[in-house]
1. Give me the accessible area of V138, 1.4 Å probe, in Å² rounded to the nearest 10.
2. T85 label point, 7 Å along Cα→Cβ, cut-off 18 Å on backbone N: hits in the range 115-156?
3. Considering only L178, F51, G198, whose Cα is most displaced toward the positive end of the charge dipole of the range 45-207, charges sitting on Cβ of Lys, Arg (+1) and Asp, Glu (-1)?
4. Which whole-Hz ³J(HN,Hα) couplings does the range 157-170 yield from phi under the Karplus relation 6.51 cos²θ - 1.76 cosθ + 1.60, θ = phi - 60°, glycine and proline marked x?
5. Of the labelled options (1) 19.7, 71; (2) 17.4, 53; (3) 21.0, 70, which one gives Rg and Dmax of the Cα atoms in Å as computed for this structure?
6. Please give the solvent-accessible surface of T28 in Å², to the nearest 10, using a probe radius of 1.4 Å with every protein chain present.
7. For the range 45-207, with all protein chains present and a 1.4 Å probe, just round the carbon and sulfur fraction of the accessible area to a whole percent.
8. How much area per residue is accessible in the range 45-207 when the probe is 1.4 Å and only protein heavy atoms are counted (Å²)?
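The values are calculated or read from the model by the stated rules, or taken from the named source; none is laboratory data. What you see is a predicted model, and the numbers here were worked out from it, not measured in a lab. Cβ: placed from backbone, ideal geometry, glycine included. Neighbour counts: every protein chain shown. To get the accessible areas, we keep the full protein, side chains included, count just its heavy atoms, and leave off ligands, DNA and RNA. Shrake-Rupley method; radii C 1.70, N 1.55, O 1.52, S 1.80 Å.
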Amino acid sequence: MRCPTRSSPSPEGLPLWLKLVFSLWVATWAPTYWMLLGPQNYFWLCNLANFLLLAGLWSESRRLISMQWLAVALVGTFWAVDVGTAWVTGWHPIGGTEYMFDPQHPPLTRAMSLYHLILPLVAGFAIWRIGYDRRALVWQSLLTWLVIPASYLFTEAERNINWVEGPFGQPQDSLPPLVYLAGLMLLWPLVVYLPVHGLTLALSRRRCG
């Protein structure tokens, strides 16, 4: 991981091939998801990460890329563990990826969902090249606090986008909906973003030390 300051970008920058390949991916993925799943699907934080990471790559914005690193690193890991375990054993240890084995979901949609494995690699490589912005934790938390209420208000409840209706893809009725939503907004940065942020800073200090 590079050690530039927040105000001075790495002289190496990001390779053009990465920007072009990722642009081709988004140009293919975005309309396909729109046709198969509808625009509401873009409210997923991991789906939104495709667009924001693309913008971050072309602008070489350390803040945008670092934000999306927080958004996808742990989520992508959990997704891979859940899908991999279910593929081998038929058991979902975490949950939320059952759609990958549901024949009612189009095969193309399920195949394209493998981007969950790719985004952490792209964001991680970009951070290694241009550095990590420690302010990403605050900015990504603020973005999440906008997206989660928007998901609750503007998407269909049965989609359970960003788990606004219940954790791990399952609806919940133990708490009043707004109490659950407030807890989700609090826990998402603490459970998903903070561990990645801390580990990234630790690795950065070790590399730069």
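1. We get 90 Å² for V138.
2. 117
3. G198
4. Values, residue by residue: 4, 5, 6, 6, 5, 6, 6, 6, 9, x, x, 6, x, 10 Hz.
5. Structure-derived value, by its label: (2).
6. 60 Å²
7. C and S atoms contribute 71 percent here.
8. Per residue, the range 45-207 has an accessible area of 50 Å².
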